[in-house]
Each structure stands twice: as C-alpha cells, then as structure tokens.
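Data first, discussion second: the structure below is written as structure tokens.
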Amino acid sequence: MTRAMTVGEALRTATQRLRASGSRSPRLDAELLLAAVLGVERADLLRAPERWLDEEVVARFERVVRRREAREPVAYIRGRRAFRTLDLEVTPDVLIPRPETETVVEVALELLAAPGAGEWHEPLVLDVGTGSGCIALALAAENPYVHVVASDVSPAALAVARRNAARHGLEARVELVAADVFDGVPPGPYDLIVSNPPYVPDDEYARLEPNVREYEPEIALRGGRDGLDVVQRLVDGAPPLLRPGGALVLEVGQGQAEVVAALLAADGRYGPAMVRADLAGVARVVAARRASGTAADLPGEEPWP
Ligand SMILES: C[S@@+](CC[C@H](N)C(=O)[O-])C[C@H]1O[C@@H](n2cnc3c(N)ncnc32)[C@H](O)[C@@H]1O
C-alpha cells in the first residue's frame, strides 16, 4: 500500500532504506531516482521539499527504490549518466562511464592541442572499446575539428553509442565500427588511439562489488589472468596505425600503470611513456607517442603537455 507524501518525506524514507541496503550514497541515489520518476532535474526537486506526491508517483518511486535496494546501479535505473559536458544514455549493454575516464579525455585533448598538433587540421582519433561512446563523443564535443572512429566488439554497445551520437548531433564526426581490437578498423593513420579497455584481472573480477559484477557487462570489465590481454593487443597493434608522433592513450587499473609503461618501453616502437593521475590521485592514464624514424616527421614529439 502506498500513500501520498511530500518530497521531503519520500526522500527521507528512501534514504534510510538505501543506506540499510548498503548504498554508499543513499541520499544522492534517492534524489536522482525521485527526480527521474518526476521527470525533473535534481535541483528542481530540492527546491520543493514540501511538494505533495500522489499515490501513483509514490508507487513508481517505490518500484525504483526496490531496484536500487537490490544493488542495481542508479545509472541503469535512470537510463542516463553525465560524462564531461554530455548527458548519455546508458543501458546494461554498456559500462557506466566513470569519473576517472574523464582523465583519458583530458589527456587526449591536451595531446591534440600540443605544439606540433596545429598541423593536424582535422585530427583523426580511434577509440577502441567505445561502449556508450563516452570518450569518442566527449572528444568530438570538445574539439570541433576532431573526427573519431569509435569501435567495439559488442553490437549492442555500438547501438547505444549510435543513439548517443545522434542525441548530441555528432554522427557526422563519429563513425561507429564493429571490430575486435584493431581487426576491422579503418587503417588510419590516426593522430591518437585512445582506449579504456577491459582491464580487471580474473581473480579481482570475482571480488567486484555486486552492483558492478551482477549488472555491468563482463566483456567490458574482464581483462584475462593479469587484466592485460586487451592492453597487450593494443600496445602490439597500435604503431602501424599511428602516424609518426601520434600517441596511444590508455586507461589502466589501479596498480597497473608501471606495468603498462614497461610494456610500452619494452616494445621499442614508442617514445617515453607519461602517466597521469585521476582526481582521486590514482595513476590512471598511460600514454606514449609512436617514435618516428627521422627528425623530419616529428610533429608533436615535443615533451608531454
Ligand atoms: C571498460 S569498457 C569501456 C567503455 C567506454 N569506452 C568507457 O570508457 O566507459 C571496455 C569496452 O571494450 C569493449 N571490448 C571488450 N573486448 C573488446 C575487443 N576485443 N575489441 C573491441 N572492444 C572490446 C567492451 O564491449 C566495452 O564496451
């Protein structure tokens, strides 16, 4: 049985329940879910705590709170997630874009703007494993000259990325392709290859929190025994697709940055690796330019931005 109640009361009750069910952000979850049920923004909701919710709205809120109590991620319940300047559709076919992945976009934008990059009037970027399209679409949204080839092995993920490209009017500059790492992508040459690949080692996957393991796609997370199966394929396959001076930019898991920098160094076809921390201070992005043979073809081989 449900009864009419105010916004404030509904939020208080839901917050208590979500805290008891293990949510780390119970009040925020409750606000986001009630705003979604009402079709308003969270800020509008918070301005009107005395507003009355009728029984039908309370019943709909009850249903989404139950889903959250079962640890379903808020982003899947709402079907939306903010990423940099974009509001993206997310479904269980795609990884929910994470705040730390915004650092990948930051590094990629800096590289595109670095000295020497001015010669690349319309830079071409490849985003491997695009998922929701978050990295590809953020780059296209924030750099009006860039063209992106966004690939994924999952047709269901590509369908979500396609809808997100249309939602933001970026279809003309973001081409979506089905590919297994580099098998199936156009040959480039690319100014940047970016990727947030699956990188969770098998033993850690078993220990992931239930809201991740039970709801997000396994193929987006699992990276094999040491987590580096796809990373190694990216390091091995990127140089022939990169123009000289072009860079490979990879998101890595906590504790993987040194290992990935060592893989790049051992390869012999890359210049020095740079490592960038995310906002939580975790070494999160590893990037290296393709080394070039002669001084004449060194656009962008200046020190890291
Ligand atoms: C960690 S998710 C990243 C998604 C999105 N780029 C983001 O940052 O939120 C990894 C993505 O790589 C895709 N993927 C996994 N294996 C792949 C492969 N062999 N080739 C291409 N894409 C792959 C998954 O389908 C998933 O969309």
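For the chain, the mean residue ellipticity at 222 nm estimated from helices alone is -11000 deg cm²/dmol, where every DSSP H run of n ≥ 4 contributes -39500 (n - 2.57) and the total is divided by all residues, rounded to the nearest 500. Heavy-atom accessible surface of Arg42, to the nearest 10 Å², is about 90 Å², with a 1.4 Å probe and all protein chains retained. Shown is the FRET efficiency for Asp203 and Ser25, computed with R0 = 35 Å from the Cβ-Cβ distance and rounded to the nearest 0.05: 0.80. Taking the centroid of alpha carbons for each part, region 31-52 and region 181-214 are 35 Å apart.
Take the chain, mark every one of the GluC sites (Glu not before Pro) that falls in a DSSP loop and has at most 15 other Cβ within 10 Å, then report the longest stretch left between them, sites excluded. That gives 51-213 as the longest site-free run.
Split the accessible area of region 85-187 by element, probe 1.4 Å, and carbon with sulfur accounts for 55%.
Relative contact order, whole percent, for the chain stands at 15, derived from Cα pairs under 8 Å and 6 or more residues apart.
Here region 84-297 carries DSSP beta bridges of which approximately 35% are antiparallel, counting only pairs with both residues inside.
Stokes-Einstein diffusion of the chain at 37 °C, 0.692 mPa s viscosity, Kirkwood radius from Cα pairs, rounded to a whole number: 159 µm²/s. For region 204-213, putting each phi into the Karplus relation 6.51 cos²θ - 1.76 cosθ + 1.60 with θ = phi - 60° gives couplings of 6, 4, 5, 9, 4, 4, x, 5, 8, 5 Hz, in residue order, rounded to whole numbers and with x for Gly and Pro.
Of the residues Ile77, Ile96, Ile135, the one that moves most in a GNM of the chain with alpha-carbon contacts below 10 Å is Ile77.
For the pair Asp54 and Arg167, label points projected 7 Å from Cα toward Cβ lie 2.9 nm apart.
The values are calculated or read from the model by the stated rules, or taken from the named source; none is laboratory data. Since we're looking at a predicted model, the values are computed, not measured. Positions of Cβ are generated from backbone atoms using ideal geometry, with glycine treated the same way; all protein chains shown enter the neighbour counts. The protein model used for the area step is the full one, side chains on, heavy atoms only, and it has no ligands, DNA or RNA in it. Shrake-Rupley method; radii C 1.70, N 1.55, O 1.52, S 1.80 Å.
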